[in-house]
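Student: Just passing along the structure, written as structure tokens.
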Amino acid sequence: MAIQLGDEAPDFTAETTEGTVKLYDYLGDNWGVLFSHPKDFTPVCTTELGAVARLKSEFDKRNTKVLAVSVDPIDSHKNWLGDIEKVNGVKMNYPIIADPDRKVADLYGMIHPKANDTLTVRSVFVIGPDKKVKLTLTYPASTGRNFDEILRVIDSLQLTANYQVATPADWKNGEDVIISGAVSDDEAKTKFPKGWDAKTPYLRVTPQPNK
Ligand code: BEZ
């Protein structure tokens, strides 16, 4: 059965470009992003891994550890690092898991046989500090991911973990949010002292509470 939101993220120990990693130790009390890519020495993957390296400080700001995986072996990963760095003008700064026996890929359902029965698809799992899965995404091999969107989702997940709010379409950190339907107007007066604009009785918009 596929991993679903709220499931415990399966722990594992794996060889990576930065040595042996045990997922739960690597994450510690941080948030995590585990993302798979299909294959080494391929163009879209080269751009994706570089994009994440470029955004590493943004993940750090959000107390979020990143970890890539593909079914290629460690020597292949290590030989590929130079290309990723040259093409993207970055230094690689997070581990890539080598998963030739598909241990991690199978644990997380990253192989979709109707897309390709040997390669991982482009999966993303955002894992909370409680080790529960907070977001899953699956992209086909031909479509590179937008990692700014992953950061945006993490902003929303971290905000909504701490406040009784939800974030609207296309929301970005700092913009107005929606008061949860579980909060009565009476409670909202104390929880959201900046007030709100009731667009409808169920759509109450308030300034982001932690800004
Ligand atoms: C790519 O990264 O460009 C790629 C990888 C596997 C299949 C197709 C494209």
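Student: Residues of region 50-71 with the amide nitrogen closer than 17 Å to a label point 7 Å from the Cα of Lys211, along Cα-to-Cβ, please.
Tutor: 62
Student: Project the alpha carbons of the chain onto their principal axes and report the range along each, largest first, in whole Å.
Tutor: Projected onto the principal axes, the Cα atoms of the chain cover 60, 38, 32 Å.
Student: Given labels modelled 7 Å from the Cα in the Cβ direction, how far is it in nm from Lys78 to Leu5?
Tutor: Using points 7 Å along Cα→Cβ, the separation is 4.1 nm.
Student: Per 0.36 nm of contour for each residue apart, how much would the distance between Thr47 and Glu175 grow if the chain were fully extended, relative to their Cα-Cα spacing?
Tutor: Extra length from Thr47 to Glu175 when fully extended: 43.1 nm.
Student: What size of dipole, in debye to the nearest 20, comes out for region 59-169 about its Cα centre when the only charges are +1 on Lys and Arg C-beta atoms and -1 on Asp and Glu C-beta atoms?
Tutor: 300 debye
Student: Tell me, in nm to one decimal, what length is gained between Tyr24 and Lys61 on full extension, where the rule is 0.36 nm per residue of separation less the Cα-Cα distance?
Tutor: 11.4 nm
Student: Can you give the charge dipole size of the chain about its Cα centre, rounded to the nearest 20 debye, using +1 on the beta carbon of Lys and Arg and -1 on the beta carbon of Asp and Glu?
Tutor: 460 debye
Student: Okay, next question. Give me the percent relative contact order of region 3-95, please, defined on Cα pairs under 8 angstrom at least 6 residues apart.
Tutor: In percent, rounded to a whole number, it is 33.
Student: As a test, work out the antiparallel percent of DSSP beta bridges whose residues both lie in the chain, rounded to the nearest 5.
Tutor: Beta bridges within the chain, antiparallel portion: roughly 70 percent.
Student: Over the chain, what is the relative contact order in percent, taking alpha-carbon pairs closer than 8 angstrom and at least six residues apart?
Tutor: In percent, rounded to a whole number, it is 21.
Student: Right, next: For Asp197 and Ala166, calculate 0.36 nm times their separation in residues minus their Cα-Cα distance, and state this gained length in nm to one decimal.
Tutor: Length difference between fully extended and current span is 9.7 nm.
Student: Gaussian network model of the chain, Cα springs within a sub-10 Å range: biggest mean-square fluctuation belongs to which of Ser123, Ser184, Ser57?
Tutor: Ser184
Student: Positive end of the charge dipole of the chain (Lys, Arg +1 and Asp, Glu -1 on Cβ, about the Cα centre): tell me which of Pro43, Pro10, Ile179 has its Cα farthest that way.
Tutor: Positive-most Cα among the choices belongs to Ile179.
Student: For region 7-106, just say rounded, prolate or oblate: build the C-alpha gyration tensor, square-root its eigenvalues into a ≥ b ≥ c, call rounded for a/c under 1.5, and beyond that prolate if a/b exceeds b/c, oblate if not.
Tutor: It comes out oblate by the Cα gyration axes.
Student: Here is a further query. At 222 nm, what helix-only mean residue ellipticity would the chain give, in deg cm²/dmol to the nearest 500, using -39500 (n - 2.57) for each DSSP H run of four or more?
Tutor: The helix contribution divided over the chain gives -9000 deg cm²/dmol.
Student: 7 Å from Cα along Cα→Cβ at both Asp117 and Lys91: what's the point-to-point distance in nm?
Tutor: Rounded to a tenth, the inter-label distance reads 4.4 nm.
Rule-based calculations on the coordinates, nothing more; no lab input. Note that the coordinates shown come from a computational prediction; the quantities given were computed from them, not determined experimentally. Heads up, the Cβs are rebuilt from the backbone with ideal geometry, glycines too, and the neighbour counts pull from every protein chain shown.
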